[in-house]
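Here the structure is laid out as structure tokens; the discussion comes afterwards.
The values are calculated or read from the model by the stated rules, or taken from the named source; none is laboratory data. In this text the structure is predicted, and so the values were computed from the model without any measurement. Virtual Cβ from ideal backbone geometry, glycine too; neighbours counted across all protein chains shown.
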Amino acid sequence: MICWRAGEKDINTCCLVSIPYNYFIIINCRQDDALHSQAEEVAIKSAGFSQKLNKKCPEAKSSTSLVEKYRKLNCWGMLVSVDVYGCEPDYIRQPKKIKEFMVELCKSIGMKRYGPAQIKRFGEGDLLGYSALQFIETSSITMHFDDVENRAFVEIFSCKFFEPKKAEQFCRQFLKAKSSKVRHFLRY
């Protein structure tokens, strides 16, 4: 079970429960024991198997803990996925604005761009939209924009450590979005 804090005021803790065949269930629960127990019960029933789960979700670790874990595991890199919802439509439909977004994101998280960004519009119907790729000295950043729902999906892979939350906050603010979420995966 992986748990993390959600929401700007850390009101909720979200639990990610791994079940067989690589499926996951995400459960929102609060900090009291009764709701944690209900969430665990739902997870077990939904998964269709019995597994002893922790009675409480631990609080999310600070970024300091993440950098410590990154170093301790001798990570080769980290993948950060940022999903951004309710973006300003003009910001995800104009190549010039997308390029500015890419350049400023790299600055924000301390990455050095390697060559120019590639920005292309393609797809059909509901899948029509821009995608962008920027090589960075420590790997790459890809972006995909959904014109229909005004969403952005950003993936940053880097061998240099950076703060996932900082990337999420920058994306949400730059795109004038209503909400966002971030996930990270350490690669070692």
Pair list, Cβ under 7 Å, 6 or more apart: region 69-83 residue more than 12 Å from Phe153 (Cβ to Cβ), other residue in a strand (DSSP E or B) and among the polar types (S, T, N, Q): Gly77/Ser139; Gly77/Ser158; Met78/Ser158
Whichever residue in region 111-133 is over 18 Å from Asp147 (Cα atoms) and out of contact with any Phe, Trp or Tyr (no Cβ under 6 Å at 6 or more places or on another chain) and, among such residues, is surrounded by the most Cβ atoms within 10 Å (Cβ to Cβ): Met111
Search result, residues across region 143-155 that are without any contact (Cβ under 8 Å) to a residue 40 or more places away in the chain and either surrounded by 15 or more Cβ atoms within 10 Å (Cβ to Cβ) or under 13 Å from the mean Cα position of the chain (by Cα) (or both): His144
Leading residue by the ranking (farthest from the chain's Cα centre (by Cα)) among those in region 87-110 that are buried (at least 16 other Cβ atoms within 10 Å of the Cβ) and not in a helix (DSSP H, G or I): Arg93
Odd one out for Pro58, checked against (1) in a helix (DSSP H, G or I); (2) surrounded by fewer than 17 Cβ atoms within 10 Å (Cβ to Cβ); (3) at pLDDT below 95: (1)
Subset of region 156-181 that is under 22 Å from Ser65 (Cβ atoms) and among the charged types (D, E, K, R) - its residue that is surrounded by the most Cβ atoms within 10 Å (Cβ to Cβ): Glu168
